[in-house]
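Read the structure below first, then the notes.
The values are calculated or read from the model by the stated rules, or taken from the named source; none is laboratory data. For clarity, every value in this text was computed on a predicted model and none was experimentally measured. Don't worry about glycine lacking a Cβ; one is built from the backbone with ideal geometry, like all the others, and counts go over all protein chains shown.
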Amino acid sequence: MKTRHLHPRYDSLIAACRGLPPLRTAVVFPCDRLSLEGALEATRAGLIEPVLLGPDAQIRFLAHQLHWDLHTVTIMDVPEARAAAAQAITLARGGEVEALMKGSLHTDDLMAEVVKAQGGIRTGRRISHVFVMDVPSYSKLLLITDAAVNITPTLEEKADIVQNAIDLAHSLGVNRPKVAILSALETVTPRIPSTIEAAALCKMADRHQITGGILDGPLALDNAISRESAAVKHIDSPVAGDADILVVPDMEAGNMLAKELSYLAGADAAGIVLGAQVPIVLTSRADNPRARLASCAVATLYGRFTRKPSISFSAASQSSSALPTAGTRRKERK
């Protein structure tokens with residue numbers, strides 16, 4: 001049984017949205033109690049203005065059970081899950097909604113419509129997922145990418161994955177996020193390809209192919225999040241022991257890391273999909289109400305930030321003031 005902890009940083013995320021207009025969000029096929037309840041909670045918190053897409057009668061029946069009066073809520077009667085996803089994409093393409101929120105349909109059904117070559121909402125950036133984790137034993141919010149979308153990303157795809165996470169961190173108030181490119185160890189060796197890719201990503205930051213963050217890698221997990229571990233190994237780096245973002249080698253590693261933090265360290269995991277024309281909230285049956293709200297808050301802050309760069313936020317406190325410029329890494333590499 002997962003032990004629950006207080007997560008004040010999620011409360012700060014939600015509080016940061018006060019005063020912002022709710023994000024008009026297509027809630028795709030909310031045809032079970034959990035998914036509709038998530039939309040209800042986000043609506044009551046002022047985070048989203050929902051557009052519900054799915055079978056009208058079923059949605060109204062569930063809403064009645066939840067005591068949700070839908071007379072001011074837009075419902076689009078779409079009987080099939082994939083058709084609901086397609087309609088949501090049409091709304092996003094037309095600018096009628098500013099975000100998508102997954103309901104009870106399978107993630108693959110939603111994402112297949114998102115990434116369609118004709119009629120989807122892809123951009124020039126690779127689509128990727130970022131977990132925004134509140135880990136009780138860590139001093140600030142911790143972003144992990146990609147643990148949900150890209151299975152074995154190439155170096156070029158990893159560059160987009162890193163940039164997506166940096167952009168998200170900016171929207172959460174981290175002006176110069178510290179990005180740890182993870183591998184099994186902190187030295188570059190041809191025997192472990194992820195160490196070579198980590199070093200290449202850092203050089204890409206030096207050449208301004210990746211901007212807005214401080215990259216270092218390869219770093220083992222302990223060196224990325226523990227100052228003591230980094231000191232023992234004599235790693236002189238602004239990132240080591242103080243990472244804001246952990247970039248994993250592949251989806252398997254990321255999925256295991258996020259779940260280990262959740263079930264062994266009492267962390268909660270909010271998160272969104274980036275790289276499309278609008279942010280996408282992928283809810284899970286395992287999410288507790290606070291994590292669901294935090295995911296919507298992250299989408300709201302990101303959505304507003306991409307339209308109004310002046311918005312700032314300090315929930316990721318203690319993270320990034322007076323830091324070196326992008327691409328700065330260990331002194332011995334200079």
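Applying a threshold of 6 Å to beta carbon distances and a minimum spacing of six or more residues, or different chains, the list of pairs starting in the stretch 47-71 at a residue that is under 21 Å from T90 (Cβ atoms) and ending at one that is aromatic (F, W, Y) and surrounded by 17 or more Cβ atoms within 10 Å (Cβ to Cβ) reads G54/F29.
Listed here are the helices (runs of 4 or more DSSP H) enclosed by the stretch 157-248 that have at least 3 residues being touching a residue at least 24 places away in the same chain (Cβ under 8 Å) and surrounded by fewer than 24 Cβ atoms within 10 Å (Cβ to Cβ): 193-206.
Residue count for the stretch 275-284 satisfying the condition of being on the phi < 0 side of the Ramachandran plot, modelled with pLDDT of 85 or more and assigned to a loop (DSSP other than H, G, I, E, B): 4. Residues in the stretch 14-37 that are out of contact with any Leu (no Cβ under 8 Å at 6 or more places or on another chain) and not hydrophobic (A, V, I, L, M, F, W, C) were compared, and the one that is farthest from H106 (Cα to Cα) is G19. Take the residues in the stretch 251-285 that are of a type outside the set (D, E) and without any contact (Cβ under 8 Å) to a residue 24 or more places away in the chain; name whichever of them is farthest from I89 (Cα to Cα). Ranking the candidates gives L264 first. Within the stretch 60-87, the set of residues being part of a strand (DSSP E or B) and over 25 Å from G303 (Cα atoms) comprises D77 only. Set side by side, the residues A253, A299, A267 differ, and just one is at pLDDT 95 or above and either surrounded by 23 or more Cβ atoms within 10 Å (Cβ to Cβ) or under 26 Å from P21 (Cβ atoms) (or both), which is A299.
For I210, the criteria (1) closer than 21 Å to S171 by Cα; (2) modelled with pLDDT under 95 hold in every case but one, which is (2).
Would it be correct to say that T152 is assigned to a loop (DSSP other than H, G, I, E, B) and either more than 20 Å from the chain's Cα centre (by Cα) or not aromatic (F, W, Y) (or both)? Considered against the rule, which asks whether it is assigned to a loop (DSSP other than H, G, I, E, B) and either more than 20 Å from the chain's Cα centre (by Cα) or not aromatic (F, W, Y) (or both), T152 comes out as yes. Here A269, A258 are screened, and the one residue that is within 13 Å of the chain's Cα centre (by Cα), more than 20 Å from L201 (Cα to Cα) and either among the acidic types (D, E) or assigned to a helix (DSSP H, G or I) (or both) is A258.
Counting only residues that are outside any helix (DSSP H, G or I) and free of Cβ contacts under 8 Å to residues at least 60 places away in the same chain, which one in the stretch 88-110 is farthest from the chain's Cα centre (by Cα)? Among them, the one singled out is G94.
For (1) among the basic types (K, R); (2) under 30 Å from A243 (Cβ atoms), each residue gets a yes or a no:
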{"residue": "Q58", "(1), (2)": "no, no"}
{"residue": "Q65", "(1), (2)": "no, no"}
{"residue": "A81", "(1), (2)": "no, no"}
{"residue": "A86", "(1), (2)": "no, no"}
{"residue": "E96", "(1), (2)": "no, no"}
{"residue": "A99", "(1), (2)": "no, yes"}
{"residue": "H106", "(1), (2)": "no, no"}
{"residue": "R122", "(1), (2)": "yes, yes"}
{"residue": "K140", "(1), (2)": "yes, yes"}
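Across the stretch 115-133, a minimum of one residue is classified as over 23 Å from A92 (Cβ atoms) and buried (at least 19 other Cβ atoms within 10 Å of the Cβ). When T72 is tested against (1) at pLDDT below 95; (2) closer than 24 Å to M133 by Cα, exactly one condition is not met: (2). Given the criteria in contact with a Cys (Cβ under 8 Å, 6 or more places away or on another chain), of a type in the set (D, E) and either more than 19 Å from L185 (Cα to Cα) or part of a strand (DSSP E or B) (or both), does D287 qualify? For D287, the condition - in contact with a Cys (Cβ under 8 Å, 6 or more places away or on another chain), of a type in the set (D, E) and either more than 19 Å from L185 (Cα to Cα) or part of a strand (DSSP E or B) (or both) - is not met.
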